[in-house]
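**Student:** I have a structure I would like to understand better, so I am pasting it below and will then ask my questions one at a time.
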Amino acid sequence: DVLDTWFSSGLFPFSTLGWPDEKAADLQAWHPTTLLETGHDILFFWVARMVMCSLQLTDKLPFTEVYLHAMVRDKYGRKMSKSLGNVIDPLEVINGVSLDALCAKLLTGNIDPKEVAKATEMNKKEYPRGIEECGSDALRFGLLAYTQQGRDVNLDINRVVGYRNFCNKLWNATRFAFMYMDAKDGAFRPAPLPAAVALVDGAAGGSPSLLLPYLPDAWILSRLAAAIAAVDAHLKAYEIAAAVTAVYEFWYKELCDVYLESIKPVMQREASTPALAAARHATQSVLHCCLHNGLRLLHPFMPFVTEELYQRLQLLTGEARTSIMLAPYPDPEPCAIWRSAAAEGAMAEVSKFAEAIRAMRARYLKGALEKHAPVIYISCRDAKAA
């Protein structure tokens, strides 16, 4: 009790920074800090003693805010305990483990034989093929997404596997997007945004919106600006799960599922005229902007895959390779100019057409005709005339 809670934790905020030398550079720079993140179960044993020691020995509060994370429990809400055999080792989620290895581990401890039998049956039921390799990014993202549950997290590994699939989609979609960026003189040169496009009045409330030659470009920039603003607001309010949801929906539902599909005609069309070449380059620049901002936006939640993809993006554009950790986090204020109610409204109408066509196709084309691509005709009429 003395060595752990009074010494190693109580003195930790300042003893690691050069104290008792009050002029130590690290102590001057980093004490006090602002935020401590910990669990509610050690508020007195650690947090209170840090405060007492810091006030007594430095006359300063060691931090001003304490963020209490949830306690991770098993899928059924039970506290993870070695005696119950329901402890989930993070390394086994990151690297994967077979069912045989999971069950064999139960025999190495001092677990009651009855609990061993129960835990073995539970493993066979929950992990019939063992735990798939998920990686640290998927585990981190999954735990952050669970923070909305309050004081307890009932961890379901299948949900973490789902985020592993999101990592794969992120990797494949970004690598695919790189193919759309034509390199000249060994590097792709994106046009600066919004300087490269015209600003016109026309958005709701008379605020300026971007005029781009292709609707999906204006739409995805508007959705990017909305995502940046949402993540910024959620993080400032410590709504971690909501921030995770906002960045996930931008990447998965908007950038990957809609935008990358919608720009295929522009990317696959030959730029035979200056106008077509300019439109193509504008779309490529918007795509680069989304990747550059999107990776930085996602980085705190998935640090490893975003670091790798960010450096590859720098190689593509001929930039000096630096860590994404040193890049500025997307700021919602300068991005607000990308918001366009008109573009989002028009794209919503296009999405309705697409959903209706998919529904008709699923209804009438079955069996051998599932891969058939029918010709679609859309009849429009003037709303005023109607």
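**Student:** For the range 237-386, which whole percent of the accessible surface, found with a 1.4 angstrom probe, sits on carbon and sulfur atoms?
**Tutor:** Values: 5110 of 8740 Å².
Carbon and sulfur: 58 percent of the exposed surface of the range 237-386.
**Student:** Any idea how far apart Leu91 and Lys79 come out in nm if each label point goes 7 Å out from Cα toward Cβ?
**Tutor:** 2.5 nm
**Student:** Take the Cα of Leu99, step 7 Å along the line toward its Cβ, and report every residue of the range 117-137 whose backbone nitrogen sits under 16 Å from that point.
**Tutor:** The answer is 117-133.
**Student:** By how many degrees, 0 to 90 and rounded to 10, does the Cα axis of helix 157-178 deviate from the longest principal axis of the chain?
**Tutor:** The helix 157-178 is inclined about 40 degrees to the chain.
**Student:** Using alpha carbons only, how many degrees (0 to 90, rounded to 10) separate the axis of helix 113-126 from the longest principal axis of the chain?
**Tutor:** Helix 113-126 sits roughly 10 degrees off the main axis of the chain.
**Student:** May I pose another question? Per q in 0.12, 0.13 Å⁻¹, report the Debye log10 I(q)/I(0) for the range 72-131, using one uniform scatterer on each alpha carbon and no solvent.
**Tutor:** Debye curve over Cα of the range 72-131, log10 I(q)/I(0) at q = 0.12, 0.13 Å⁻¹: -0.25, -0.29.
**Student:** Report the normalised scattering of the range 268-323 as log10 I(q)/I(0) at q = 0.29 Å⁻¹, calculated by the Debye formula with identical scatterers on the alpha carbons.
**Tutor:** Computed log10 I(q)/I(0) values: -1.10.
**Student:** Kindly state, to the nearest 0.05, the FRET efficiency for Asn110 paired with Ala48, given R0 = 35 Å and r defined as their beta-carbon distance.
**Tutor:** 0.60
**Student:** Moving on. Could you tell me the convex hull volume per residue, in Å³, taken over the Cα atoms of the chain?
**Tutor:** Output value, Cα hull per residue: 237 Å³.
**Student:** Using Cα positions and a limit of under 25 Å, work out the lysines in reach of Lys366, with same-chain residues fewer than 8 apart set aside.
**Tutor:** The qualifying lysines are Lys352.
**Student:** Once label points are set 7 Å from the Cα along Cα→Cβ at both Ser323 and Lys125, what is their separation, rounded to one decimal in nm?
**Tutor:** 4.5 nm
**Student:** Another one. Please go through the residue pairs Lys169/Lys371; Lys79/Lys236; Lys264/Lys371; Lys82/Lys125; Lys75/Lys236; Lys82/Lys236 and name each one whose alpha carbons sit more than 26 Å apart in this structure.
**Tutor:** Flagged as over cut-off: Lys79/Lys236; Lys75/Lys236; Lys82/Lys236.
**Student:** For the range 1-91, what % of the accessible area comes from carbon and sulfur atoms, probe 1.4 Å?
**Tutor:** Exposed carbon and sulfur together represent 64 percent of the surface.
**Student:** Name the lysines eligible as straight-distance cross-link partners of Lys23: C-alpha to C-alpha under 29 Å, and not fewer than 8 places from it in the same chain.
**Tutor:** Cross-link targets: Lys60.
**Student:** To continue, here is another question. Please work out the ratio of the alpha-carbon Rg of the range 1-72 to 2.2 N^0.38 Å and round it to two decimals.
**Tutor:** Here the Cα radius of gyration is 1.09 times the empirical estimate.
**Student:** Per residue, how much accessible area does the chain show when a 1.4 Å probe rolls over the protein heavy atoms, in square angstrom?
**Tutor:** 57 Å²
**Student:** Compute the relative contact order of the range 46-151 as a whole-number percentage, counting only Cα pairs closer than 8 Å that sit 6 or more residues apart in sequence.
**Tutor:** Result for the range 46-151 is 29 percent.
**Student:** How large is the helix-only mean residue ellipticity at 222 nm for the chain, computed as the sum of -39500 (n - 2.57) over DSSP H runs with n ≥ 4, divided by its residue count, in deg cm²/dmol to the nearest 500?
**Tutor:** Mean residue ellipticity, 222 nm, calculated: -15000 deg cm²/dmol.
**Student:** So if R0 is 45 Å, what FRET efficiency would Lys253 and Asp41 give, r being the distance between their Cβ atoms, rounded to the nearest 0.05?
**Tutor:** Efficiency for this residue pair is about 0.75.
**Student:** When N counts the residues of the range 283-386, how does its alpha-carbon radius of gyration compare numerically with 2.2 N^0.38 Å, as a ratio?
**Tutor:** Details: Rg = 20.9 Å, N = 104, 2.2 N^0.38 = 12.8 Å.
Working it through for the range 283-386, the quotient is 1.63.
**Student:** Students often check this: by mean Cβ neighbours within 10 Å, which of 236-248, 90-102 ranks highest, and how do the rest follow?
**Tutor:** On the way: 236-248: 17.8, 90-102: 15.8.
Ranking the peptides 236-248, 90-102 by packing returns 236-248, 90-102.
**Student:** Over the Cα atoms of the range 46-184, what Rg and Dmax result, in angstrom?
**Tutor:** Calculated on Cα positions, Rg and Dmax stand at 20.7, 68 Å.
The values are calculated or read from the model by the stated rules, or taken from the named source; none is laboratory data. Everything numeric here is computed off the predicted structure, so don't read it as measured data. Here the Cβ is made from the backbone with ideal geometry for all residues, glycine too, and neighbour counts use every protein chain on show. All accessible areas refer to the heavy atoms of the entire protein, side chains included, with ligands and DNA or RNA removed. Shrake-Rupley method; radii C 1.70, N 1.55, O 1.52, S 1.80 Å.
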